[in-house]
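Here the structure comes first, spelled out in C-alpha cells, and everything after it is commentary.
FYI, it's all coordinate maths here, none of it is from the lab. Just so it is clear, the model here is predicted, and its values are computed rather than measured. Neighbour counts run over all protein chains shown; Cβ positions are idealised from the backbone, glycine included.
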Amino acid sequence: MSRIGRKPVNIPAGVTVSVDDGVVTVKGPKGTLTQKVHPSISVAVEGNVVRVTRPDDEKESKSLHGTTRSLIQNMVLGVTQGFHKELEINGVGYRAQKQGKNLVMTLGFSHPVTVPEPDGITIECPKANRIVVLGPDKQQVGQFASEIREKRPPEPYKGKGIRYAGEHVRRKEGKAGKGAKK
C-alpha cells in the first residue's frame, strides 16, 4: 500500500472539497482549483477528510495512488496558504521592476525583457534584484518561475543571471591564459 496514498487529506475550516465525474474541486480563501483524477482511482470526501483509494495492486494503480493524494494535498495547501518561489538576479546592471501587470527586467541585452503576469499568478519585486512569484497552484507557480529563469539562466564563469533563491551555481575557472604551464 502506498504510504503517501493511504494518508487522509485534512480539510481545514473555510475550505470545501467536492468530487464529481472524476474531477476534484477545492475552494478556499485564495481561489478555486480543479484537478481531473484518473478513472481507476477513487476519491471520497468523508466529513473533514479526503480519502484516496485504488482498486488493485497493479504498478500503474500504485503510482497513481500517491500522486493523486499529493495533488489533492497541494490543492488544499494552495487555496489556504498559497505557494511562492523566489528568484535572485545577479550581475552588474541587472534588475527587475513591476510596471502594471508586467515584469520588466534589464538583463544585459540591448532591450528590456518584458514578461506579462498570467492569470492566477502574482509577481512582486521587493528589491531590484529579487523577484517573488505567488499563487495557489503549485505547478503553475513553479512553471512560471522556470520561464522567468530561462530568460537569463546563471552562467558558470561569472555567476551572472537569474537563479532560484538558495540555488548553488557551480563555478568554473576561466581560460588559463598565455603564460600557463602545459
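Here the stretch 85-157 and the stretch 1-32 have alpha carbon centers that stand 31 Å from each other.
Helix 138-150 axis versus longest C-alpha principal axis of the chain: approximately 10°, rounded to the nearest ten.
Each residue, Glu60 and Lys178, gets one label point 7 Å from its Cα in the Cβ direction; the gap between the two is 6.7 nm.
So if I average 1/r over every pair of distinct C-alpha atoms in the chain and take the inverse, what Kirkwood radius in Å does that give? Please report the intermediate quantities before stating the final value.
Numbers: mean 1/r = 0.0521 Å⁻¹.
Taking every pair of different Cα atoms in the chain, averaging 1/r and inverting gives 19.2 Å.
Using Cα atoms only, what is the angle between the long axis of helix 59-80 and the major principal axis of the chain, expressed in degrees (0 to 90) to the nearest 10? For helix 59-80, the angle is close to 80 degrees.
In the stretch 62-143, how does Rg compare with the Kirkwood Rh, expressed as the Rg/Rh ratio over alpha carbon atoms? If you can, show how the numbers build up before the last one.
Details: Rg = 15.8 Å, Rh = 14.3 Å.
Dividing the radius of gyration by the Kirkwood radius yields 1.11.
Along the chain, counting only chymotrypsin sites (Phe, Trp or Tyr not before Pro) with a DSSP assignment other than H, G, I, E or B and at most 12 other Cβ atoms inside a 10 Å radius, the longest segment between sites is 1-108. Pairs from the table (Lys7/Lys36; Lys85/Lys160; Lys98/Lys151; Lys59/Lys138) lying more than 22 angstrom apart at Cα are Lys59/Lys138. Over the stretch 35-80, the ratio between the Cα radius of gyration and 2.2 N^0.38 Å evaluates to 1.16.
Each peptide in 95-106, 61-72 gets a packing score, the mean of other Cβ atoms within 10 Å over its residues, and the list from highest to lowest is 61-72, 95-106.
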